[in-house]
Structures are given as structure tokens and as C-alpha cells.
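**Student:** I am attaching a structure below and will ask some questions about it afterwards.
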Amino acid sequence: MLKKIAITVATSLILFPSSGFCAIENELTAVDNQRTELLKQLTTGLVSGKISIDDAQKIKTDIDNVIKLETQAKEDPVSSPEKIKQINSSLQQVNSEISSAIHPRKVWLGIDVQDKTLEQKITNALDNKKLTKEQAESFKQQFDKLRQRESNGDPTRGFEFTDAIALAVDLQTFNTKLDQAIAGKQFDN
């Protein structure tokens with residue numbers, strides 16, 4: 001094991017003098033910054049409702065794969081230049097995926113504490129006797145919790161991707177349950 005480490009270190013020093021390590025570190029830092037920026041773009045698209053939840057999850061997986069490549073490049077300096085090329089190629093692909101996934105109009109409600117769509121849907125369903133008063137109150141309570149989570153990231157604090165995707169999934173689930181409740185019964189009062 002020590003022999004392998006010594007050979008790796010010696011090979012690294014021959015192939016990549018200390019200035020080479022600095023160049024690789026600089027490239028890895030630039031790659032890390034680019035990846036971080038792409039994640040911000042993805043999160044912004046998700047929050048605004050212009051990237052679907054499914055697309056966002058798939059693209060996030062691709063971004064996570066870039067992190068694995070970065071780790072490999074840091075661990076194996078001999079293969080770092082090749083890994084950096086692979087990372088740059090992957091980042092270009094992720095950038096293309098984000099560009100393709102962004103729609104000019106919303107594809108889902110998005111995360112917006114000011115949006116009254118779901119609240120209005122509950123009120124309209126109650127007024128049209130498609131929900132009981134108890135159901136409407138229950139939905140309003142659930143929605144208030146979601147609204148609180150929305151306000152935690154809006155507007156100046158922003159959302160981290162993991163918080164945004166979790167909230168997006170919960171909002172979609174809530175909307176689906178609300179639609180099912182509305183479609184399920186007509187109530188007479």
C-alpha cells in the first residue's frame with residue numbers, strides 16, 4: 001500500500017509539478033463555482049414554476065454526478081486533467097438540460113407566498129358546496145403550513161434546492177388532494 005502511494009506521489013510530482021497542482025485546483029474551483037451557479041438556476045426555475053418538479057429532480061441527479069467526478073479528480077491528481085474535461089462536458093450537458101427544461105410560462109404553480117390560486121380554489125369549492133366547511137377548514141390549515149414554508153424562502157433569503165424540491169412536491173400533493181376532494185363529492189346544505 002505504501003509503495004502504491006509513493007509511486008502515485010512520485011508520478012504526480014513528475015507529471016504535475018506544484019504549478020500543475022495549482023492549475024488543477026484553480027480549474028476545480030472554477031468548476032465548483034459553475035456547478036453552484038447551475039444549481040441556483042435550477043432552483044430559481046423550480047421556484048418560479050417554469051421547470052417541472054420531475055425535470056428538476058432529474059437535473060439535480062445529473063448535478064450530483066458532477067460532484068462525484070469532482071471528488072474523483074481531487075482524489076487522483078494523475079487523472080485530474082481528464083476528469084476536468086469530463087466534468088466540463090457534464091456541466092455543459094446540465095446547462096443544456098436546464099435551458100431545455102425552462103418553459104416560458106409556468107408549468108406548475110411554483111413557490112410564491114403571494115399566489116392565491118390554492119386559497120381561492122378552497123374558497124370557490126366551499127362556496128359551490130363541493131367541500132364541507134370542515135374539509136375547507138382542514139385544507140386551509142394545511143395550506144397555511146405550506147404558505148409558512150413558502151415565506152421562509154421568499155424573497156430575500158431564497159431557497160436551497162432541497163428545501164425547494166420538498167416544498168414543491170408537498171404543494172403538488174396538496175393540490176392533487178384538493179382536486180380529488182373537490183371532484184369526489186357534491187354536498188347539499
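**Student:** I'd like the FRET efficiency for ARG105 and ASP32, computed as 1/(1 + (r/R0)^6) with the beta carbon distance as r and R0 of 41 Å, rounded to 0.05.
**Tutor:** Efficiency at R0 = 41 Å is approximately 0.80.
**Student:** Taking 0.36 nm per intervening residue step and subtracting the Cα-Cα distance, what contour gain separates THR117 from GLU134 on full extension?
**Tutor:** Details: separation 17, 0.36 × 17 = 6.12 nm, distance 1.99 nm.
Result for the pair: 4.1 nm of gain on full extension.
**Student:** Let me spell out the model: positive unit charges on the Cβ of Lys and Arg, negative unit charges on the Cβ of Asp and Glu, origin at the Cα centre of the range 23-178. What dipole size does that give, in debye rounded to 20? Provide the component values of the computation, followed by the final result.
**Tutor:** Working: 22 positive and 25 negative charges, 164 e Å.
Computed about the Cα centre, the dipole is about 780 debye.
**Student:** Could you give me the ³J(HN,Hα) list for the range 124-137, computed from phi with Karplus coefficients 6.51, -1.76, 1.60 and θ = phi - 60°, whole Hz, x at Gly and Pro?
**Tutor:** Ordered by residue, 3J(HN,Hα) equals 4, 5, 5, 4, 8, 6, 9, 10, 6, 4, 5, 4, 4, 4 Hz.
**Student:** Whole-Hz Karplus ³J(HN,Hα) for the range 58-67, in order, using 6.51 cos²θ - 1.76 cosθ + 1.60 and θ = phi - 60°, x for Gly and Pro?
**Tutor:** With the stated coefficients, the range 58-67 comes to 5, 5, 4, 4, 5, 5, 4, 5, 5, 4 Hz.
**Student:** For the pairs LYS60/LYS106; LYS40/LYS83; LYS58/LYS130; LYS121/LYS145; LYS116/LYS145, note any where the Cα-Cα span goes beyond 26 Å.
**Tutor:** Numbers: LYS60/LYS106 19 Å; LYS40/LYS83 23 Å; LYS58/LYS130 36 Å; LYS121/LYS145 17 Å; LYS116/LYS145 14 Å.
Pairs exceeding the cut-off: LYS58/LYS130.
**Student:** Still on this structure: In square angstrom, rounded to the nearest 10, how much accessible surface does ASP144 have for a 1.4 Å probe?
**Tutor:** Near enough 100 Å² of accessible area.
**Student:** Please compute the modelled spin-label separation between ASN88 and THR176, points set 7 Å along Cα→Cβ, answer in nm with one decimal.
**Tutor:** If labels sit at THR176 and ASN88, their model points lie 4.2 nm apart.
The values are calculated or read from the model by the stated rules, or taken from the named source; none is laboratory data. Worth saying up front: this structure is predicted, and the values here are computed from it rather than measured. Reconstructed Cβ throughout: ideal geometry from the backbone, glycine too, with neighbour counts over all protein chains shown. These area figures cover heavy atoms from the full protein model, side chains too; ligands, DNA and RNA do not enter into them. Shrake-Rupley method; radii C 1.70, N 1.55, O 1.52, S 1.80 Å.
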